[in-house]
Every structure is written in structure tokens, then in C-alpha cells.
Amino acid sequence: MKARAPTFQWKNFLNLARALFPYWNFFDRVAYDFEIEFKIPNAVKWERIPFEARRAALDVFYSADANLKMAQVNIIEHFVGEIQDLQADDATLDSRDVQELTSFKLLFSLLSFRLKEYEIGASQVQFKIVACGNDEEIDVYISDWLEVETI
Amino acid sequence: MNLENTILLMTRLVGITMLLQGFEIFSLTRRREFFAVWSDRNLKTEFAKSLPFADLLMACFLSQNAFRGVALFQILAAFSCLCFPSPLIIVLLFCTQLIICVRFRGTFNGGSDMMLFVVLTGLFFATFFKNPDIQKWGPIYVAIHLGYSYFKAGLAKIIRREWRTGAALPAFLERSLFPDMRRLGAWLRDQKTLSFILCWLVLIFELGAVTLPFQGSWTFSYFATALAFHLAVFFAFGLNRFFWAWLCAWPTIFYCSYLLN
């Protein structure tokens, strides 16, 4: 039986076009900072994935590296937002619902790429999102053990 | 600054800005990391619910070559805007910018994308109509958004205790992508008086935008402060796109000052 094609939803369309509807709240709230950590089988500790950029002389004109890193950090923030939306509907998160999120897919691809970059040859990985405040760290989400993507 | 010079300067600045951004995006499309993450496999389900495209068009839209093509097209259009600006070129730049934002699920760089759309909209209005009494509303629209963007940003900050007490700036610096800025933020956390002063300077600068229509000859001083502010934000957080997007909009403030005074 052929799967039904997803139906067009105006709410999703408006979300994709939201840059057309400006809002000017910048750096207002000092909320939690979100970090992604991972663990491979038999590992004891969680490893944090750093998002750092290096400066170059002509950065003010061309800064692809920093802008890409910022876009990657945004994926984490979007994921946390979407997790919170799911929890608003149902406090207990179903892992299947989480794994269907686009932000989850982007995040997991990013993680898989970084594992390859670090030459970590694990076939499985678990990751978590940690909310970091001034004096505390809270695990916002811990994934199941997942098969690392082939990138 | 009269209307003609305002439009001329805006088109040049938009051309430069979108040329630089086109090169950035094109450069990203040549990195495996980029398409590994923002792949058609990851995006297609959401996009099928969000874009009224047939399957074939969707496949084209999500293809790597098509996105590279969009970046290249933006570079060409931006260069054309520098040499012979026209309403059509502005529309084409609007479209490439929108496609790029959509590919990144809404925005690539947040506020700078939004400001660019505002500028492109105002610029289209100013270049499409030939009657100056109608054209002028393009720059006025941009100027309103520009002034409001500073004021609203300040308003959103001043209601937060962390900004009023000076705790906000160190906190944000400690989250910068740049290790040196993180160290600066950690240091600033212990310099409470300095941090307090810096936070209030930001608040006064942003809220002070509400006086822009009345500043007359002081407009240039505010502009110089804004330039320094955006450069500082770029240096601290790597937000080069914000610098250029806001610079594109600034000629409209001088034009409005010319109209009002």
C-alpha cells in the first residue's frame, strides 16, 4: 500500500518564510546555553562537541566558517524548542516522535559528521543535550543508542 | 541626503552585501559538512508539508547543484545590482535570499536576513515607481524598521534584570564562538562596575534610536556610534552579516533626516 504524501500545511510554510516577518529581539534573554555531548559504547564519560570559530583578517567581509558554526548551534536550539513543543502536548517523550523531528535529523547528521571528522569509528552512539546555566547543568534530552550515519 | 543619492547608495550597498553573502553561501555548498547536515534526506519530509511543490520540483529544489546554482545566481545578480540596478534585479535578489533562508528552515543568520528583506522591499518600491512622491516611501519604510529595530532590541533588553544589573554582557560573551571572547566574558563577570556601564551604554544607544527623527545634525554621531556598535558585535560574536545588512539600511535614516529638517 503506497504511503500517503504529506499534506501541505500553511503553518509550516509560514515558519519557513518567517524571515519575511521581522522581529527585533536580539540578545535579550540570558537563557540556558545548550551543548551537545556524545558517548560511544564502552565509554565512561560523555564528550562535548565544541563549536568554535577562528578569526581571519577579512572576516568582516567573508566569514563562512563562523556563520556555518552559528547555523549549527541554531540546530541545537531549534531541537530544544521542538522537544519542548512535544512535551507541551505530552510530557513523556516518545523517542519515535523525537526522531521524526527535522531538527533531530539535522542534529544527528551533524553528530555523525563530527564523529567521522574526529575519526571515531564507533557504529553506535548516544547523545544528549545539556542546558548550561551559571552554576548548573541539566540534561534536557538523552537519545537512545543510535546507529551512526554513513556520511 | 536626497532621494536619488539614497537609492543609489542603497543599491550599491545591497549589491556589495549580497555579493559577499553569495560567496559565503557558495563556499559552504562546496563543503561536505554542509550537505551532510542540510541534506535533501533530512529536509524533504518537512519541506513536503511546507512548500506547495510537486515531487519533481521539490527534488530539484533540494538538489545540491540547484542550491549551488542559486548561490551563483545571487552573486551574478548582486554584481548586476552594483553596475545597473533595476527593480527586476532587486526582485531576483529577494528570491535568491528567500530560497537560501528556506533551505536553512527559515533563516540562515536570523535578524540580518530579516533586515535584508526589509531593505530589498523598500528598494524595490523606490526603484519600481518613478514618481518621487511615491518612491520616497520605500526608504521611509526601511528607516522606520531600522529605527524600530534598535529601539525594540533595547526595550526587550531593559525589561530583563540581567541587562539592568550588568550581568548580561559577560553571559553572552561567554557563549561566543571565539575562545578569546569567552575569556573576556569570564573576566568581565568579575568587573561588575565595568559590565554595568557597558550594558547601560548598549541600552542607551538602542533606546536612543527613538530620538533619531529629531536628531538633525546629531544623526551622523548616532550613525558613527551604530557603526562602532555593529563592528563590536561582529568582533565579539562573528556577526558580520548584521554589520552589512544594517549598513544597507542606514542611508534611509539620513534621507529621513533630510526630509524632516
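Computed from the coordinates by the stated procedures, all read-outs in this text should not be read as laboratory data. Being a predicted model, the structure only gives us computed values, none of them experimental. Counting neighbours? That spans all protein chains shown, and the Cβs are built from the backbone with ideal geometry, glycine included.
Averaged over the residues of B:47-55, the number of partner chain Cβ atoms lying within 10 Å of the residue Cβ comes to 5.
Spacing of the modelled spin labels on B:Asn5 and B:Asn65, each 7 Å from Cα toward Cβ, amounts to 4.9 nm. As a calculated quantity, the FRET efficiency between B:Arg12 and A:Cys132 at R0 = 35 Å, using C-beta atoms, amounts to about 0.20. Placing pseudo-labels 7 Å out from each Cα toward the beta carbon at B:Phe129 and A:Glu52 gives an inter-label distance of 5.3 nm. Couplings for the stretch B:103-115, taken from phi via the Karplus curve 6.51 cos²θ - 1.76 cosθ + 1.60 with θ = phi - 60°, read 4, 9, 6, x, 9, 8, 10, x, x, 5, 5, 4, 5 Hz in order; Gly and Pro are left as x.
For chain B, build the charge dipole from Cβ charges (+1 Lys, Arg; -1 Asp, Glu) around the Cα centre, then report which of B:Leu260, B:Asn65, B:Ala78 sits farthest towards its positive end. Farthest towards the positive end: B:Asn65. Among the residues of B:28-39, the average count of other protein chain beta-carbon atoms within 10 Å of the residue beta-carbon is 5. Across the stretch B:165-173, coupling constants 3J(HN,Hα) worked out from phi with the 6.51/-1.76/1.60 Karplus curve, θ = phi - 60°, read 8, x, 7, 5, 4, x, 4, 5, 4 Hz, and Gly and Pro carry x. Charge dipole (Cα centre; +1 on Lys/Arg Cβ, -1 on Asp/Glu Cβ; no other charges) of chain A amounts to roughly 620 debye. Charge tally around B:Leu3: other residues with Cβ under 12 Å, Lys/Arg +1 each, Asp/Glu -1 each, net 0. Other residues lying with their Cβ under 15 Å from the Cβ of B:Ala143 contribute a combined charge of +2, Lys and Arg counting +1, Asp and Glu -1. Seen from B:Asp180, the other residues with C-beta closer than 11 Å to its C-beta sum to a net charge of +3, counting Lys and Arg as +1 and Asp and Glu as -1. Length gained on full extension, A:Tyr62 to A:Gln9, computed as 0.36 nm times the residue gap minus the Cα-Cα distance: 15.5 nm.
Here B:Lys192 and A:Ala43 are evaluated by their C-beta separation; at R0 = 56 Å the FRET efficiency comes out at 0.90.
Subtract the Cα-Cα distance of B:Asp40 and B:Leu260 from 0.36 nm times their separation in residues, and report this length gain in nm to one decimal.
Residue separation times 0.36 nm, minus the Cα-Cα distance, leaves 74.1 nm.
For B:Arg183 and A:Tyr118, the FRET efficiency from 1/(1 + (r/R0)^6), where r spans their Cβ atoms and R0 equals 41 Å, is about 0.95.
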